[in-house]
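The values are calculated or read from the model by the stated rules, or taken from the named source; none is laboratory data. It should be emphasised that the depicted structure is a prediction, and the values quoted were computed from it without experimental measurement. Note: ideal-geometry Cβ built from the backbone for every residue, glycine included; neighbour counts use all protein chains shown. Accessible surface areas use protein heavy atoms only, side chains included; no ligands, DNA or RNA. Shrake-Rupley method; radii C 1.70, N 1.55, O 1.52, S 1.80 Å.
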Amino acid sequence: MAERSTAAVDVADNSGDDPLTAEADTTTADGAAETQDAVDTSARNTDGEQGADEQPAITTPELHSGHKLARRYRLEECVTRLDGFSSWRAVDEKLRRAVGVHVLPADHPRARSVLAAARSAALLGDPRFVQVLDAVEENDLVYVVHEWLPDATELTTLLAAGPLEPYDAYQLVSQVSQAMAAAHREGLAHLRLTPSAVLRTSTGQYRIRGLAVNAALRGIREDRPQRTDTEAIGALLYAALTQRWPYENDAHGLSGLPKGVGLIAPDQVRAGVHRGLSELAMRALVNDGATASRQEPACTTPDELAAAVAAMPRIRPPEPAFTPPPADYQRTTYQQGSYGRPPQYPGAVPTQPVIVPPPPLQTRTGRALKWAVSALLIAALGLGSWQIADRLLEQDPPSPGPTDSQTADPAETPDEKPKEPVLLPVQTAKEYAPDNNPQNAKDVDKTYDSDRQSYWRSRSYVDGPDLAPTVKAGVGIVYDLGSEKDVAAAAIALRYSGDHTSISLYATDGLSPSTPVSGMKQIAKGQTKGQALQLTAEKPVKSRYVLLWMTAMPYAPYDQYSGAGHKQAITDVKFTG
């Protein structure tokens, strides 16, 4: 049986919990919050979990390493023991793989809510979340089995080594916000989105663990779950940029901000922080409804945050660093004049005789022969030089040579500062239906009204995801920019994720184009499995009218507008030039 003491369990686990102390059975929910990193989800710096139930002390089930659940899950190592439940690293002996297990008594006040949360999370089936594999009540115990990712690293561990690079921080906020937006559309919230709940795999993908379950285990409830999760994502981004927790209290192995100063923008905390990401973090960190951002409005839902990330200029991965050769590397050299000679080692004896060249001609005949050969060579050189000069004089005079400024090293000239992208406002729009079968023509203005909750939607189709050739060539909307503009990029926020959405941008001649799509100039194209798509042109294209042409749509379930099928909805479109 596992010992109970106050020693910390220093195990970086896949259970979704911070490493906690194994407290005695008298530990309460409020006392537990004091033994772990404070989950400071607002500027009010509370000591305990917001919304946590006030429960009496509960006895943790008497379990030990080697105990089996359902004659299948063998408990290996306890990583959390708190408030009547415990979390374990275990082995699924049937499938021979590592798993994580949360265990609590069946009469625990939160047992029913934990089971409900686990079963709801299991139904989501989104690969961006650590999957719930089983949720069972058996033998007076309730246990939840979830994936264990041996190749993944906690964000807590990554931040212990220093702030993330801008590209990694961009990927973090992009992937996590899109995943949480998808979860909230299914009615699921996390409410405990801390650095220990985010894992990065060896392929660079971020996975979220503990969706709904971690909050249910602690009895956490929120009146504004979307606001809570959005602010938590903002805190993760802030920590990734600065290696600081954005509140006064230290938490999750990170130092908090100086007391009494308030919320400081990341680019004021640490030099070299990407300004766009700094602004994005501040837009998500809202306190009592007031944004701390200097310019843009607050992001209050994961959907809004995902759209804001998609609207940012793309951050490219860093160039691979040059790796110098090892210190013991020696360049291969060849000794001049050594070819054909034996190697000269100290004390070595030559194995072959050294060939001595014959002496020069010393006789009278030899000297005469040398003079004759020299005269012939001088005559040949003179004749050749005269012929070359004569041929050059017959050609056109050469152009003047380059000036010093023409031959200057380009590296020495000052770099031209790249232009900041300029937002191109949309004046009006019209649905494009070359087959005279429109989708939802009256709602096209909802794609550029700056309201993330409104959207234009397509119809639902049985075949897909590619519309052609069985359904139609595509569906689209033509946007009027008011006058000719250099269109360089577009950020498109979508409603449905899945495999897959394909969109192309074309320059056209009006709201009702006179030429088919095949005759239009393509600006950019792209494909996504998420809820956001950033399209960037190789070279800006000048046009007043831009066609957004969708040729593939993912499968989505039934909703209040249409049945299950291949469909898509556009919530926001922004063009930049």
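Taking 7 Å steps out from each Cα toward its Cβ at E138 and Q453 produces label points 4.5 nm apart. Stokes-Einstein, applied to the Kirkwood radius of region 448-491 over Cα pairs at a viscosity of 1.567 mPa s and 4 °C, places its translational diffusion at 94 µm² s⁻¹.
In square nanometres and to one decimal, what's the mean projected area of the convex hull around the Cα atoms of region 78-131?
The orientation-averaged projected area of the Cα hull of region 78-131 comes to 4.6 nm².
D140 contributes an accessible area of around 130 Å² to the protein surface, as traced by a 1.4 Å probe with all chains present. The coefficient of translational diffusion for region 127-268, derived via Stokes-Einstein from the alpha carbon Kirkwood radius under 25 °C and 0.890 mPa s, stands at 152 µm²/s. Computed over protein heavy atoms with a 1.4 angstrom probe, the accessible surface ordering of C299, C78, largest first, is C78, C299. Debye calculation, C-alpha points only, no solvent: report log10 I(q)/I(0) for region 449-569 at q = 0.14, 0.21 Å⁻¹, in the same order as the q values. With no solvent term, the Cα-only Debye profile gives -0.61, -1.24. R0 = 45 Å: FRET efficiency of R270 with E76, Cβ-based, nearest 0.05? The formula returns an efficiency of 0.65 here. Accessible surface computed residue by residue for region 78-153, with neighbouring protein chains in place and a 1.4 Å probe, gives 41 Å² per residue.
The calculated FRET efficiency for the pair I378 and R316, based on their C-beta separation and a Förster distance of 56 Å, comes to about 0.30.
In terms of Cα atoms, the Rg and Dmax of region 61-201 work out to 16.2, 50 Å. Structural descriptor for region 76-150: relative contact order 27 percent, calculated from alpha carbon pairs under 8 angstrom and at least 6 residues apart.
Ranked highest first by the average count of other Cβ atoms within 10 Å around their residues, in what order do 128-136, 206-214 fall?
Top to bottom by mean Cβ count within 10 Å: 206-214, 128-136.
Please report how many Lys pairs in region 458-577 have alpha carbons closer than 23 angstrom, counting only residues at least 8 apart along the chain or sitting on separate chains. Within region 458-577, the lysine pair count is 20.
The alpha carbons of region 533-577 occupy a box of 40, 17, 15 Å along the principal axes, longest dimension given first. Normalised by the number of residues in region 424-479, the average gap of Cα pairs under 8 Å and 6 or more apart makes the relative contact order 42 percent.
Would you mind calculating the gained length between D435 and S562 on full extension (0.36 nm times residue separation, minus the Cα-Cα distance), in nm to one decimal?
Details: separation 127, 0.36 × 127 = 45.72 nm, distance 2.11 nm.
Net length gain for the segment: 43.6 nm.
Restricting the calculation to Cα atoms, every distinct pair contributes to the Kirkwood radius of region 424-511, found to be 14.5 Å. Fraction of C-alpha pairs exceeding 18 angstrom in region 481-547: 41 percent, rounded to a whole number. With the whole protein complex present, M282 retains an accessible surface near 10 Å², based on a 1.4 Å probe.
When you work out D = kT/(6 pi eta Rh) for region 199-250 at 37 °C and 0.692 mPa s, using the Kirkwood radius from C-alpha pairs as Rh and the Stokes-Einstein form, the result is 253 µm²/s.
Provide the FRET efficiency to the nearest 0.05 for the E296-H64 pair, computing r from the beta carbons and using R0 = 45 Å. It comes to 0.25. When all protein chains stay in place and ligands, DNA and RNA are ignored, the 1.4 Å accessible-area order of K567, K525, largest first, is K525, K567. Length gained on full extension, L263 to T201: 19.2 nm, using 0.36 nm per residue less the C-alpha separation.
For region 243-286, the fraction of C-alpha pairs farther apart than 14 angstrom is 48 percent.
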